[in-house]
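Here the structure comes first, spelled out in structure tokens, and everything after it is commentary.
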């Protein structure tokens, strides 16, 4: 299976994401420059963390106009699993692939530390290897990680089981403690914590590994069912 890791000017977790994918799954992970216009042939797509050019406006607000985002939209409609991490989550909301938006942390400080997340939905391509209600440890590193949406959207997220991960102790003031959400179809996940930084013992947690393994297993199972 083949993963695309999108590289925007300012991405700084692209190689981390690619290395995590290879380490966990043994799959191929290709760095794809944001000026490319096609994502044909890729089984999964990652928008990694970093600092998009134009962050002085709103994180991800400029990146969403990159040529590659048209292809990301097309693949999302086809049901391809798409993961946005940190700044990638911001890009997904700015591009309209996920509802709501990300604001400055409530205390206006940058936070970089290990946090605990509760798995609220394990029926997605990204979370099937986790137990429902399981507490996992994954690091955060963000200054604009506070998830925000209007009451109607938040109610819809809650009722539709769209909240995949919730902070055990809210580090940034996110509405409902949201750490990660999926779209209605379940194939697009945006999360603020960094699972690619929790895939090995030396990283103090290996809990992020199962997220990449979940996607790998989902794609292979899909291919097998199509073959039959």
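Observations on the model:
- Helix-only arithmetic for the chain: the sum of -39500 (n - 2.57) across DSSP H runs with n ≥ 4, divided by the residue total, places the mean residue ellipticity at 222 nm at -8000 deg cm²/dmol.
- Set the Cα radius of gyration of segment 129-170 against 2.2 N^0.38 Å, with N its number of residues, and you get 1.36.
- Taking label positions 7 Å along the Cα-Cβ direction at both residue 78 and residue 1, the computed distance is 1.6 nm, reported to one decimal.
- Cα-derived Rg to Rh of segment 2-227, Kirkwood definition: 0.93
- Mean-square fluctuations from a GNM of the chain, with a 10 angstrom spring cutoff on Cα atoms, peak among 35, 213, 75 at 35.
- For segment 18-134, diffusion coefficient by Stokes-Einstein and Kirkwood Rh (Cα), 4 °C, 1.567 mPa s, µm²/s: 82
- All-pairs Cα distance distribution in segment 113-205, expressed in whole percent, bin size 5 Å: 3, 14, 25, 27, 19, 9, 2, 1, 0
Each reported figure results from applying straightforward, stated rules to the coordinates on display, with no laboratory input. From a predicted model like this one, the values you see are computed outputs, not experimental measurements. Positions of Cβ are backbone-derived with ideal geometry, glycine not excepted, and every protein chain shown enters the neighbour counts.
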